[in-house]
Amino acid sequence: MPPSATVSDLAGRRLGVFFGAYFALVGIIAPYLPLYFAHRGLSGVEIGLLIALGQAMRMVGPNLWGWLADRTGHRTTILRATSLALLASFALLVAPGGFGFVFAAMLLVNFFQTAQMPIAEALASAQLRGQADAPKRYGRLRVFGSLAFVAVVLCAGPLFDLVGMQAALWFCIALALLMFGASFGVIEQGATELPHERVSVRARLRESRVRWFFVSAALMVFAHGAMYAYLSLYLAQLGYSKTAIGVFWVVSVVLEIGFFLTQGKWFSRFGVFRLMTFSFVVAAVRFLLIAELATVWWILVLAQAMHAVTFAVHHSASILTIQRWFPGRAAARGQALYISTAYGFGGTTGSLVAAWLWSSYGPSWAFIAGSAGAVVGGWAAHRMRCADRDRAGPHTLNFQIEGNVKQ
């Protein structure tokens, strides 16, 4: 094995450990933090606003951190500094306080958390560039995160049933400390930017395929807005225990792991854009099932299993698209634009619409809106695919995977 391959594998494993630590923290934030906020006495609308705050910060933070990372070239330094600041921000919540205090603390938490993924994804892009099996390698990298998410959710649910939701904050602090430690193992690989990798971000955004991609990505995360903000509260209202709620969240990740481990074959057989478009169809069905039939446990299991498509397939296809269209020194800004547009604008809008529908018309309407958003997003993804097919050039989305070329 050549030395460069050894360094690349080591860098991949260490970055995978960081992904694991990050998504272990998400394993508390996504399923349990809304329940923790309810434990502190916050109302459903206030909880919805806090979740929307997290999404709104993604419209600002990723672009700032991505620009700073590309400008300075010190991505790992920024990763470590923001990890430490994230830890300190979570520690503020140890103090008592009402909605205003929690809002201020979560403003800091979300601001520093928005630095993690665009920089980590840019580091992954640098490691994978020029590799024919990039989809397979990226999938294996993300498995670290999925496995950590599953482990934390399964362990935390029974513990919270036993000791109460106040323990959720201490979990967040401990896992933020773990992420800070993992950031020191991340290796930043320097590489010379090739002529064909020099792209203008502004010029790229003027391309219709790129604009349709960002519209579709925002609508996919909009569709997930009710799930991220209210799924745990919704299931608790239906009478499920915290342990059962945790299991339902884990179901959503188990098949996701299977896809990440085999995604190279799936993308090679069906193509990146075909699978991306298909994920919107599945999302429309998934959120309609949750809205109308969540009291039937096996249907809820089926709906949660669809997460392997609505998140894993869509996210991997999106990341591979961004890596192709925003290479080289534009990598961090490309990842930041994806996160700020999809999770920032789309996620904020989805959370706010879900909060309004939840309080005004009932929980099921929040999920029905997500289903409708997925339908519109599928149309936007189809427009993107057509625009890319009509374009010729070095950044047309052709991935060569194990000898096959697919669109």
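The values are calculated or read from the model by the stated rules, or taken from the named source; none is laboratory data. The shown structure was predicted, so the numbers you read here are calculated from the model rather than taken from an experiment. Here the Cβ positions follow ideal geometry from the backbone for every residue, glycine too, while neighbour counts run over all protein chains shown.
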Among the listed residues 44, 73, 48, identify the single one that is among the small types (Gly, Ala, Ser), over 22 Å from residue 335 (Cα atoms) and surrounded by fewer than 20 Cβ atoms within 10 Å (Cβ to Cβ). 44
Look through 107, 86 and report the one residue that is farther than 19 Å from residue 167 by Cα and at pLDDT 85 or above. 107
Can you tell me which residue within region 178-232, out of those that are small (Gly, Ala, Ser) and in a loop (DSSP other than H, G, I, E, B), is modelled with the lowest pLDDT? 191
Does region 283-291 contain any residue that is farther than 18 Å from residue 353 by Cβ and in contact (Cβ under 8 Å) with a residue 60 or more places away in the chain? yes
For region 323-371, what are the residues that are without any contact (Cβ under 8 Å) to a residue 40 or more places away in the chain and small (Gly, Ala, Ser)? 360, 362
When (1) of a type in the set (Lys, Arg); (2) surrounded by fewer than 22 Cβ atoms within 10 Å (Cβ to Cβ); (3) within 22 Å of residue 23 (Cβ to Cβ) are applied to residue 286, the one that fails is (2)
Would you check if residue 260 is touching a Leu at 6+ places or on another chain (Cβ under 8 Å), crowded, with 21+ Cβ neighbours inside 10 Å and not acidic (Asp, Glu)? no
All conditions in (1) farther than 25 Å from residue 107 by Cβ; (2) at pLDDT 90 or above; (3) buried (at least 21 other Cβ atoms within 10 Å of the Cβ) are true of residue 331 except (2)
Given the conditions (1) at pLDDT 85 or above; (2) crowded, with 22+ Cβ neighbours inside 10 Å, report the number of the one that residue 161 does not fulfil. (2)
Need the failing condition index for residue 86 against (1) touching a residue at least 60 places away in the same chain (Cβ under 8 Å); (2) outside any helix (DSSP H, G or I), just the number. (2)
